[in-house]
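S.K.: Below: one structure in structure tokens.
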Amino acid sequence: MLLAVALLHGCALLQQDLQPPQINLVAIYPESGSMTDLRFRCRLRLDNPNAVDLPIKGGQLELTLADRAAATGQLADGVTVPAGGSEEVEAIVSIGVMSAVSIITSIMSDPNATLRYEVDGYVDVGMSVLGRIRFDDAGEFSLNGAGDLNSTRL
């Protein structure tokens, strides 16, 4: 009997027209660094347009800044985006020092300019109906004068 109820519930989920979450970069914060790379914490907002919760089981992202360099990182798993709601997740991304120097040079040449970003990757949704969902987002953000990335909100 319990198996029949579980199967009916699973079939009901399959019949729903599930939509992928909308994923956008919200903020970037500097983290630690080493002689070979710098790390940034990226915060992403996931908006769930569905009537059911979406369990996120991890993912990957690639961040491009100032059309010059790419940083890569992993999304943490264990996040559930509520039905019709939003949830923010964080990822630590690493970028090579030489690429970072190129970006910093660009920032220092005009600290009042905006910095272009692109982020793409995927999230693994813990529902076989959706599986792996690709995302991309692009835009610009202000460096707030001296380039204080701690206060940068996109």
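S.K.: From the gyration tensor of the Cα coordinates in the range 19-151, what semi-axes in whole Å does the equivalent ellipsoid have, largest first, with each one equal to sqrt(5λ)? Each step should come with its number before you reach the end.
M.R.: Values: eigenvalues 174, 45, 27 Å².
For the range 19-151, the ellipsoid semi-axes come out as 29, 15, 12 Å.
S.K.: To continue, here is another question. Relative contact order for the range 19-151: what is it in percent, counting Cα pairs under 8 Å that are at least 6 residues apart?
M.R.: Working: 329 pairs, mean separation 35.7, N = 133.
Value for the range 19-151: 27 percent.
S.K.: For the range 55-118, run through the trypsin sites (Lys or Arg not before Pro) and keep only the ones in DSSP coil with at most 16 other Cβ atoms within 10 Å of their Cβ.
M.R.: Numbers: sites: 57, 68, 116; in loops: 68.
For trypsin sites (Lys or Arg not before Pro) across the range 55-118 that sit outside H, G, I, E and B with at most 16 neighbouring Cβ atoms in 10 Å, the list reads 68.
Read the figures in this text as sums done on the coordinates, not as results from a lab. Because the structure is a prediction, the values reported are computed rather than measured. In this analysis, Cβ positions are derived from the backbone assuming ideal geometry, glycine residues included, and neighbour counts consider all displayed protein chains.
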